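The values are calculated or read from the model by the stated rules, or taken from the named source; none is laboratory data. In this text the structure is predicted, and so the values were computed from the model without any measurement. Cβ sites come from the backbone with ideal geometry, for glycine too, and all protein chains shown count toward neighbours.
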């Protein structure tokens, strides 16, 4: 039950020797949660019910190491999945809380990054060259930590920093302080990773960070940022990655709205909102969406492997989530018992004993500048430290953010020019993901089934959703679980995309995908091959495979697909290449550009495509997918 205490000062003082959380999730109140701490191993173990079967409210700190539940790599530091099982949940007036919180400055000593600037720049170069440059993924987030000693009482320091955030930070999704034995987290997260309320799942991909210049942001400076191709493509890539997750947990796949601006005191971000419906337990939703690509990379599974290769220490709670599970007041049959609200644990300071740690990361893409990414981490660390009052704030920026005391602050997003720049981004995107996606009665492939073989890129969840929209009954099977019997029995096999070099015969995953493609071709059975599997098919036909001079990661191109121009999104580092003007190889037609790069293949009961027709960047993706499926099923006239 939520009540209001008589004295915020007395309540705050009583928190010193017990676990608690302070949450500011709206402009007027601060919620105070107290209870007992329970550490569990798996998300399924989060104790949402007591022994009598009564629903309980739980605030869980989910560390990055939980990705092991999905079989992903990580430096396992043993950070606990820590649950505050709530006994009391109080609401206090925000202004009264601020007045009751301490103000004495907290001094830091020995401050600096754990990895020197030039060493971090070299890590960036290595990731671009050896990971993105060799097809391991589109983007990766590599972190480093700003650390310092704190010569102050931890409880008082945390409350002081929380006050600074309440007073000076704006635009945060959650402003919070979570204090449990041996560990304190204080932050202002701009980003809701995932929420589930009354069966509606929402995700909020944010990418692109505009650091306000001295004196504050202006329409002119923000417009220059919004015009950046790099920033725009980064946002599109994380939307694609989170749509993969939405398609896995939502029966309707997920619909995108936006883009919007997330305007904070010292930073502005660009964002989209994704929504869909789900009946899953919120713990399952959280498991299937671990973790945000904005703080890991894509594809997610390989991003975790790359992080483990290049980050020197475990992440702890950085890039995990704080997950509030709240019992629902009314339920119908088969509905989840709890709603979920889970922001990403970024823009957060951790206090462990007398040591402060502020983890920050930069998103590395094919055209990243190493020293620019170094600067990015400095800016993010300074943003957190300035927000908590640990370093000097930009007083001019705060003044410009506030405007005249009596006048409401005008958001930059309200400027007509800024609004047009934002809206213009959607002209590049696939209407399928911007509109309702229910299956129509005239779906062309009703009554037929498809087996999608996942080669470790969950673009397959989006692809499966589009295939269902076209009428197919679809099942996704990981490459190492797809049996020969299943591969042989399916009406249509879709050999999926994945990271890596298609020529790598030492990879068990690529060997198995070669076997899947070969079995279907030998049997003359319908096959659609996508991206990595398209390259494998091309290789089987004797077409050369070569690395691209510049990887196509998150690149939108208009290409000729067997007589029709199609706008398609590409995420490839390798390509199949024929001699210019080659139209056929044996009995297979080739769609290639003037240089010989092959975009699609089609032959008897087989079709393939290099691009990702399911991507938000594929404006003509659904129509092209229908054409290729029809070709594979032997009815190219559809």
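Determine whether residue 287 is in a helix (DSSP H, G or I), surrounded by fewer than 24 Cβ atoms within 10 Å (Cβ to Cβ), touching a residue at least 12 places away in the same chain (Cβ under 8 Å) and under 14 Å from the mean Cα position of the chain (by Cα).
Criteria met by residue 287.
Look through 424, 400 and report the one residue that is in a helix (DSSP H, G or I), modelled with pLDDT under 90, farther than 22 Å from residue 257 by Cα and out of contact with any helix residue (DSSP H, G or I) (no Cβ under 7 Å at 6 or more places or on another chain).
Exactly one residue qualifies, and that residue is 400.
Hey, among the residues in segment 246-265 that are in contact with a strand residue (DSSP E or B) (Cβ under 7 Å, 6 or more places away or on another chain) and outside any strand (DSSP E or B), which one's nearest to residue 187 (Cα to Cα)? Before you say what the answer is, go through the steps one by one.
First, pick out the residues of segment 246-265 that are in contact with a strand residue (DSSP E or B) (Cβ under 7 Å, 6 or more places away or on another chain): 246, 249-262.
Now narrow it down to the ones that are outside any strand (DSSP E or B): 246, 249-254.
Values: 246: 26, 249: 28, 250: 30, 251: 34, 252: 34, 253: 32, 254: 29 Å.
The selected residue is 246.
Does any residue in segment 107-130 that is closer than 30 Å to residue 161 by Cα and in the same structural domain as residue 144 (by TED's automatic domain parsing) come within less than 6 Å, Cβ to Cβ, of a residue that is modelled with pLDDT of 95 or more and in a helix (DSSP H, G or I) six or more places away or on a different chain, and which pairs are these?
Qualifying pairs under 6 Å: 117/374; 120/374.
Quickly run through segment 527-547 and pick out the residues that are surrounded by 24 or more Cβ atoms within 10 Å (Cβ to Cβ) and either free of Cβ contacts under 8 Å to residues at least 40 places away in the same chain or over 30 Å from the mean Cα position of the chain (by Cα) (or both).
Selection gives 527, 537, 538.
I'd like the full set of residues that are free of Cβ contacts under 8 Å to residues at least 24 places away in the same chain and either surrounded by fewer than 13 Cβ atoms within 10 Å (Cβ to Cβ) or more than 22 Å from residue 632 (Cβ to Cβ) (or both), limited to segment 577-591.
Scanning segment 577-591 gives 579, 580, 581, 583, 584, 587.
Results for (1) touching a residue at least 60 places away in the same chain (Cβ under 8 Å); (2) part of a loop (DSSP other than H, G, I, E, B); (3) more than 20 Å from the chain's Cα centre (by Cα), shown as yes or no for each residue.
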{"position": "433", "(1), (2), (3)": "yes, no, no"}
{"position": "442", "(1), (2), (3)": "no, yes, yes"}
{"position": "446", "(1), (2), (3)": "no, yes, yes"}
{"position": "451", "(1), (2), (3)": "no, no, yes"}
{"position": "457", "(1), (2), (3)": "yes, yes, no"}
{"position": "466", "(1), (2), (3)": "yes, no, yes"}
{"position": "471", "(1), (2), (3)": "no, yes, yes"}
{"position": "477", "(1), (2), (3)": "no, no, yes"}
{"position": "481", "(1), (2), (3)": "no, yes, yes"}
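Matching residues to (1) more than 28 Å from residue 309 (Cα to Cα); (2) buried (at least 22 other Cβ atoms within 10 Å of the Cβ):
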position: 21; (1), (2): yes, yes
position: 29; (1), (2): yes, no
position: 38; (1), (2): yes, no
position: 43; (1), (2): no, no
position: 47; (1), (2): yes, no
position: 61; (1), (2): no, yes
position: 65; (1), (2): no, no
position: 87; (1), (2): yes, no
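Can you confirm whether segment 110-118 contains a residue that is in contact with a helix residue (DSSP H, G or I) (Cβ under 9 Å, 6 or more places away or on another chain) and either assigned to a loop (DSSP other than H, G, I, E, B) or under 21 Å from residue 552 (Cβ atoms) (or both)? Before you say what the answer is, go through the steps one by one.
At the first step, the residues of segment 110-118 found to be in contact with a helix residue (DSSP H, G or I) (Cβ under 9 Å, 6 or more places away or on another chain) are 111, 113, 115, 117-118.
Checking which are either assigned to a loop (DSSP other than H, G, I, E, B) or under 21 Å from residue 552 (Cβ atoms) (or both) leaves us with 115.
Yes, segment 110-118 contains a residue that is in contact with a helix residue (DSSP H, G or I) (Cβ under 9 Å, 6 or more places away or on another chain) and either assigned to a loop (DSSP other than H, G, I, E, B) or under 21 Å from residue 552 (Cβ atoms) (or both).
So, residue 359, is that one modelled with pLDDT of 90 or more, over 30 Å from residue 512 (Cα atoms), in the same structural domain as residue 135 (by TED's automatic domain parsing) and touching a strand residue (DSSP E or B) at 6+ places or on another chain (Cβ under 7 Å) or not?
Values: modelled with pLDDT of 90 or more: yes; over 30 Å from residue 512 (Cα atoms): yes; in the same structural domain as residue 135 (by TED's automatic domain parsing): yes; touching a strand residue (DSSP E or B) at 6+ places or on another chain (Cβ under 7 Å): yes.
Against the criterion (modelled with pLDDT of 90 or more, over 30 Å from residue 512 (Cα atoms), in the same structural domain as residue 135 (by TED's automatic domain parsing) and touching a strand residue (DSSP E or B) at 6+ places or on another chain (Cβ under 7 Å)), residue 359 qualifies.
Pairs under 6 Å by beta carbon, first residue touching a residue at least 60 places away in the same chain (Cβ under 8 Å) and not assigned by TED's automatic domain parsing to the domain that holds residue 616 in segment 218-240, partner assigned to a helix (DSSP H, G or I) and surrounded by fewer than 16 Cβ atoms within 10 Å (Cβ to Cβ), six or more apart or different chains?
Partner pairs satisfying both residue conditions: none exist.
Please list, ordered by first then second residue, the pairs with beta carbon atoms under 6 Å, 6 or more apart or interchain, first in segment 358-378 and under 18 Å from residue 319 (Cα atoms), second in a loop (DSSP other than H, G, I, E, B).
Going by the 6 Å Cβ cut-off, the qualifying pairs are 359/318.
Can you pull out the residues in segment 600-614 that are in a loop (DSSP other than H, G, I, E, B) and touching a helix residue (DSSP H, G or I) at 6+ places or on another chain (Cβ under 7 Å)? Give the steps one after another, and end with the answer.
Going through segment 600-614, the residues in a loop (DSSP other than H, G, I, E, B) turn out to be 604-605, 610-611, 613-614.
Residues satisfying the conditions are 605, 610, 613, 614.
Specify which of the listed residues (342, 308) is in contact with a strand residue (DSSP E or B) (Cβ under 9 Å, 6 or more places away or on another chain) and either within 28 Å of residue 136 (Cβ to Cβ) or modelled with pLDDT of 90 or more (or both).
None of the others qualify; the one that does is 342.
Could you tell me whether any residue of segment 245-267 is farther than 17 Å from residue 193 by Cβ, under 14 Å from the mean Cα position of the chain (by Cα) and at pLDDT 85 or above?
no
Can you tell me which residue among 617, 625, 555, 537 is in a helix (DSSP H, G or I) and under 23 Å from residue 427 (Cβ atoms)?
Result: 625 is the single residue among 617, 625, 555, 537 that is in a helix (DSSP H, G or I) and under 23 Å from residue 427 (Cβ atoms).
Being surrounded by fewer than 15 Cβ atoms within 10 Å (Cβ to Cβ) and either at pLDDT 95 or above or not assigned by TED's automatic domain parsing to the domain that holds residue 509 (or both) is the filter here, so list the residues in segment 435-472 that pass it.
Listed by number, the list holds a single entry, 449.
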